[in-house]
Amino acid sequence: MLIVGCGDVGMRVATLLKPGAQVLAMTSQAARVPLLQAQGLLGLVGQLDEPRTLWRFAGVATHVVHLAPPPAQGVTDTRTAYLIAALG
């Protein structure tokens, strides 16, 4: 399972998953990786606004929980589009 945008809600989702499930957590802040790891998650850094940082997520999980917000401006959710392209 890959949780994209693993803030407060993402952490709650992670705790609900069955024990022993491998959970990867994507964060935009490298400083959060140790916190995610302390919770038993594999913390990975990626920027949804920078598609070149997302290539490593291709094929890492069979399920994705996408909790990251859309861009603050515009009418197109480029973040989700970039993520889908990278995961595909």
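Readers should treat all values here as calculations from the given coordinates under stated rules, not as data from a laboratory. In this text the structure is predicted, and so the values were computed from the model without any measurement.
Overview of results
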{"item": "Residues with amide H under 5 Å from that of Val45, placed H, sequence gap 5 or more", "result": "Thr27"}
{"item": "Crossing angle, helix 78-87 versus the chain [Cα axis fit, 0-90 degrees, rounded to tens]", "result": "60 degrees"}
{"item": "Among (1) 11.9, 37; (2) 15.8, 49; (3) 12.5, 40, the entry that matches Rg and Dmax of the Cα atoms in Å as calculated here", "result": "(3)"}
{"item": "Phi-based couplings in Hz for the stretch 9-17 (Karplus 6.51, -1.76, 1.60; Gly and Pro marked x)", "result": "5, x, 5, 5, 4, 4, 6, 7, 5"}
{"item": "The chain, helix-only ellipticity at 222 nm - DSSP H runs n ≥ 4, -39,500 (n - 2.57), divided by all residues, nearest 500", "result": "-8000 deg cm²/dmol"}
{"item": "Prolate/oblate/rounded call for the stretch 1-49, Cα gyration tensor, a/c under 1.5 rounded", "result": "prolate"}
{"item": "Amide H contacts under 5 Å for Cys6, placed H, 5+ residues apart", "result": "Met26"}
{"item": "Hz values of 3J(HN,Hα) by residue in the stretch 62-71 - Karplus curve (6.51, -1.76, 1.60), Gly and Pro given as x", "result": "8, 9, 10, 10, 9, 10, 6, x, x, x"}
